[in-house]
Amino acid sequence: MTLEDKIDKSRLPQHLAVIMDGNGRWAKKKGLFRSMGHEKGTKAVREIVETCAELPIPYLTLYAFSTENWNRPKLEVDTLMKLLVSSLKKEISTLMDNNIRLNAIGSLDSLPKKVHNELIDVMELTKSNTRMTLTLALSYGSREEITKTIKEISLKVKNNLISPSDIDESMINNHLYTHDLPDVDLLIRTSGEQRISNFLLWQIAYAELYFTETLWPDFRKEHLFDAILNYQNRERRFGKTSEQLNP
Ligand code: FPP
């Protein structure tokens, strides 16, 4: 029996989010430039995207570039931006063949024009695809997203469009970049770090967290199956007791 056979396809996470960490350390271990780690990381992206589409996991969100990543050396930022453009161009057929819609979250206006334009083009091209929504978090930071949400809602209160008592969780949800995505069920972080790093803080309220030592460029579908099996062995109580869930 393969690892994949052990997965209960009726209880797959509906929304999987991944912090793809460890590209730099992968390269360093091999005596290569950090950019080689990112390049190898794109191969892992392709395998995981295809595997999620096949399972299927309807929503996959990848943390590709954080608001804090702008502080990296310019050369590395430029490399990552170039990789994004080339990957988007190269993977159009993968997205179309697998019926995947591309989506993006974050302050997209701060991306270089080339990346921004390519992103808009691929999102437009894939907008009618229905098997899976692949969301790239780009120039994304959860605190920025929540701050933006508070500003937008405050403005509505100020202009008497709503009153403070109208503000509820669903209104907040509707102002987040992720307004059209369900809550995250499973969050994976690779490379052994056990942090959230400003990723989807609101959306992971009840997510199961899975940390693995594997560096992102080495992450293969077997590692994903391990994470899903681990997820399926957990009891998600959402604040209730075990007895309430299993009367
Ligand atoms: C973290 O590793 C990874 C990133 C900051 C970028 C992730 C980008 C890719 C996998 C490639 C492009 C993505 C797409 C969607 C095509 P790190 O550099 O922080 O590694 P380290 O912690 O070992 O230094």
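Here, each number is a calculation from the coordinates, and none is a lab measurement. Keep in mind that what you see is a predicted model, and the values were worked out from it rather than measured. All Cβ positions, even for glycine, are placed from backbone atoms using ideal geometry, and neighbour counts span all protein chains on display.
Before moving on, here are some points about what is shown:
- Applying 0.36 nm per residue to the separation of K127 and R237 and subtracting their alpha-carbon distance, the gain on full extension is 36.1 nm.
- Simple Cβ-charge dipole of region 158-226, Lys/Arg +1 and Asp/Glu -1, about Cα centre, in debye nearest 20: 260
- Above-threshold pairs, the threshold being 27 Å between Cα atoms, out of K113/K221; K127/K156; K6/K43; K30/K113; K151/K240: K113/K221; K127/K156; K30/K113; K151/K240
- Contour minus Cα-Cα distance for L75 and L229 (0.36 nm per residue): 51.5 nm
- Measuring between their Cα centroids, region 94-127 and region 208-247 lie 29 Å from each other.
- Residues of type aspartates and glutamates that K29 reaches as a straight line, Cα spacing below 16 Å, ignoring anything fewer than 8 places off in the same chain: D21, E39, E213, D218
- Extension gain, N99 to Q194, is 30.9 nm, computed as 0.36 nm per intervening residue step minus the present C-alpha separation.
- Only aspartates and glutamates eight or more places from K89 in sequence, or on another chain, were considered; those with a Cα closer than 12 Å are E118, D121.
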